[in-house]
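The values are calculated or read from the model by the stated rules, or taken from the named source; none is laboratory data. Because the structure is predicted, anything quoted here is derived from the model rather than measured. Note: ideal-geometry Cβ built from the backbone for every residue, glycine included; neighbour counts use all protein chains shown.
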């Protein structure tokens, strides 16, 4: 299991195909589901895995149509699992009292609920493209008791945009020889671009504190 995990993290698709053949589809489904569905595992590759999967579909290892549909289902089911865990368990956990006081002040939960009702749709879509944030966003939406119909509709839209854009980017750019020969560098570039918004926000906060 540790060996498999190591090769997934390093996006070693050739090793995966040599050892698992068609079961790679199941592995990819589980990786996307776990990354979006389990709030305790936000570090699995998402963007770079989708791009690389699209590239290998271009090379004939995977069926592109089946891949996109499968990973879209994984992303939506994962987010919805995360939402309901947050709504049914997360909210109760945050209401635990410590020395007679709520672990989280009720007004904070009220503010979170108000925020998600007002801006939640944008958050759900945009979070898809930001590592770590996309793992926590549906959980927080559940804790905030965001309207489920609204969450589901925009989650489906966000999932389609995320899965479609990155897998097809890998599929079409897979024609370029340099990209095929430097998959690891491309994956690192995708990871950097993905976390760039987080880096910018952290720098802004630090600059604001200095001022």
Within the stretch 119-131, is there a residue that is assigned to a helix (DSSP H, G or I) and modelled with pLDDT under 70?
-> yes
Residue list for the stretch 148-186, restricted to those being in a loop (DSSP other than H, G, I, E, B) and exposed (fewer than 15 other Cβ atoms within 10 Å of the Cβ) = 175, 176, 182
Would you please list the contacts, defined by Cβ atoms under 9 Å and residues six or more apart or on different chains, that run from a residue in the stretch 54-74 that is in contact (Cβ under 8 Å) with a residue 60 or more places away in the chain to a residue that is surrounded by fewer than 19 Cβ atoms within 10 Å (Cβ to Cβ) and outside any helix (DSSP H, G or I)?
-> 57/63; 58/175
With the first residue restricted to the stretch 29-40 and required to be under 7 Å from residue 78 (Cα atoms), and the second required to be outside any loop (DSSP other than H, G, I, E, B), Cβ contacts under 6 Å at 6 or more apart or on different chains are 33/74; 33/78; 36/75; 36/78; 36/79; 37/78; 37/81; 37/82
Surrounded by 14 or more Cβ atoms within 10 Å (Cβ to Cβ), at pLDDT 85 or above and in a helix (DSSP H, G or I), is that true of residue 90?
-> no
Cross-chain or 6+ apart pairs with Cβ under 6 Å, the stretch 177-204 first and under 16 Å from residue 45 (Cβ atoms), then at pLDDT 70 or above and not in a helix (DSSP H, G or I) | 187/11; 194/131; 195/131
Where in the stretch 1-64 are the helices (runs of 4 or more DSSP H), entirely inside, with at least 2 residues that are farther than 28 Å from residue 178 by Cβ, in contact with a helix residue (DSSP H, G or I) (Cβ under 6 Å, 6 or more places away or on another chain) and at pLDDT below 90?
-> none
Just one of the numbered conditions (1) at pLDDT 85 or above; (2) loosely packed, with under 15 Cβ neighbours inside 10 Å is not true of residue 137; which one?
-> (2)
Residue check for residue 36: over 20 Å from residue 155 (Cα atoms) and crowded, with 18+ Cβ neighbours inside 10 Å | no
